[in-house]
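The values are calculated or read from the model by the stated rules, or taken from the named source; none is laboratory data. This one's a predicted model, so the numbers in the text were calculated from it and none came from an experiment. With ideal geometry, Cβ positions are generated from the backbone for all residues, glycine too; neighbour counts draw on all protein chains shown. Heavy atoms of the whole protein, side chains included, go into the accessibility calculation; ligands, DNA and RNA do not. Shrake-Rupley method; radii C 1.70, N 1.55, O 1.52, S 1.80 Å.
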Amino acid sequence: MRVTALGSGDAFCSAGRGHTAWLVDDAQGTFAVDFGATALLALKRLGRDPAGIGAIHFTHLHGDHIAGWPFFLVDAVYRGSRKHPLAVSGPPGTAARLQALWAACYATAAQRPLAFAVEMAELLPGAQVEIAGRTIRSYAAQHMRAPEVGLCLRIGPVAFTGDTGSIPAGLCDGAALLCAECTGSGESTDRHLGWQTLRAQLPEVPRILLAHLGADARASIRPPPGVEVCDDLHSVEL
Ligand SMILES: [Zn+2]
């Protein structure tokens, strides 16, 4: 299994980093977790064909996590001629938000049906579902203002925090890898994890990747063994 940070930065592309998103290659194929505005660029820099992605799992509906969707579609429609289905999951409202984004960016194309099926699953926290051959468990992230919902995701052996002010109980149980946001160098806020808090309460996971880095995060983090601070396209083999 290979896990790659398509981007490693926060919403502001601090320090020139792309929006944080993850690409995972496993026995079932390839999936992405989040797909922000810079994700397609990252795939192309890796020499990866977006058609190889079988599923995209969105943690929440902020632009730095979803704004690559119209570019994913426009690539699939005009360059790639995708015909095979794409599984998509996200919190409630994902289908409508993605369609609005597509229509806002490519109004004419969005009026036509896609040549491939988008198999949409909207997940509430606490859900456990099978998508594209993998077990997905969703947890409540501490990030969005109600009624919007943010999710932390457990997909097979990998835990993803998305954006959250704290890591929910159970997310990391038995995980082989944690892909965590680490927006700041100081204490966690009510919406984002910070290194000072995270370091004091590191989950018991053999390997931890830090991304969603803010402007001051990289320089201030001295990662202990088992923790890696990602740059864009940082990749690990499990
Ligand atoms: Zn966010």
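Quick check on LEU40: is it of a type outside the set (Asp, Glu), in contact with a helix residue (DSSP H, G or I) (Cβ under 7 Å, 6 or more places away or on another chain) and assigned to a helix (DSSP H, G or I)?
Considered against the rule, which asks whether it is of a type outside the set (Asp, Glu), in contact with a helix residue (DSSP H, G or I) (Cβ under 7 Å, 6 or more places away or on another chain) and assigned to a helix (DSSP H, G or I), LEU40 comes out as yes.
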- Query: Looking at ALA15, is it part of a helix (DSSP H, G or I) and under 21 Å from ARG218 (Cα atoms)?
  - Reply: yes
- Query: Within segment 19-74, can you find the residues that are on the phi > 0 side of the Ramachandran plot, surrounded by fewer than 20 Cβ atoms within 10 Å (Cβ to Cβ) and in contact (Cβ under 8 Å) with a residue 12 or more places away in the chain?
  - Reply: GLY29
- Query: Which one is modelled with the highest pLDDT, of the residues in segment 206-238 that are hydrophobic (A, V, I, L, M, F, W, C) and open to solvent by 20 Å² or more (accessible area, probe 1.4 Å)?
  - Reply: LEU233
- Just one of the numbered conditions (1) within 21 Å of HIS212 (Cβ to Cβ); (2) of a type in the set (A, V, I, L, M); (3) assigned to a strand (DSSP E or B) is not true of ALA87; which one? (1)
- Message: Whether any residue in segment 212-226 is assigned to a strand (DSSP E or B), under 30 Å from ALA27 (Cβ atoms) and more than 16 Å from the ligand (Cβ to nearest atom) is what I want to check.
- Response: no
- Test result for ALA104, more than 16 Å from the ligand (Cβ to nearest atom), without any contact (Cβ under 8 Å) to a residue 60 or more places away in the chain and not basic (Lys, Arg): yes
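Would you mind finding the one in ASP64, ASP34, ASP75, ASP26 that is over 12 Å from the mean Cα position of the chain (by Cα) and under 24 Å from LEU210 (Cβ atoms)?
ASP26
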- Item | Residue count, segment 184-205 (criterion: open to solvent by less than 30 Å² (accessible area, probe 1.4 Å), within 16 Å of the ligand (Cβ to nearest atom) and not small (Gly, Ala, Ser)) | 1
- Query: Which residue pairs have Cβ atoms closer than 6 Å, lie 6 or more positions apart in sequence or on different chains, and pair a first residue in segment 83-95 that is within 13 Å of GLY150 (Cβ to Cβ) with a second residue that is open to solvent by 10 Å² or more (accessible area, probe 1.4 Å) and not in a loop (DSSP other than H, G, I, E, B)?
  - Reply: PRO92/GLU122; THR94/GLU122
- Item | Residues located in segment 169-180, provided they are within 16 Å of the ligand (Cβ to nearest atom) and touching a residue at least 40 places away in the same chain (Cβ under 8 Å) | CYS179
- Task: Among residues belonging to segment 88-114 that are among the hydroxyl-bearing types (Ser, Thr, Tyr) and open to solvent by less than 60 Å² (accessible area, probe 1.4 Å), point out the one that is nearest to the chain's Cα centre (by Cα).
- Result: SER89
- Query: Any residue at all in segment 113-120 that is charged (D, E, K, R) and closer than 21 Å to PHE160 by Cα?
  - Reply: no
- Lone unmet requirement of (1) modelled with pLDDT of 95 or more; (2) outside any loop (DSSP other than H, G, I, E, B); (3) among the basic types (Lys, Arg); (4) in contact with a helix residue (DSSP H, G or I) (Cβ under 9 Å, 6 or more places away or on another chain) for ARG112: (2)
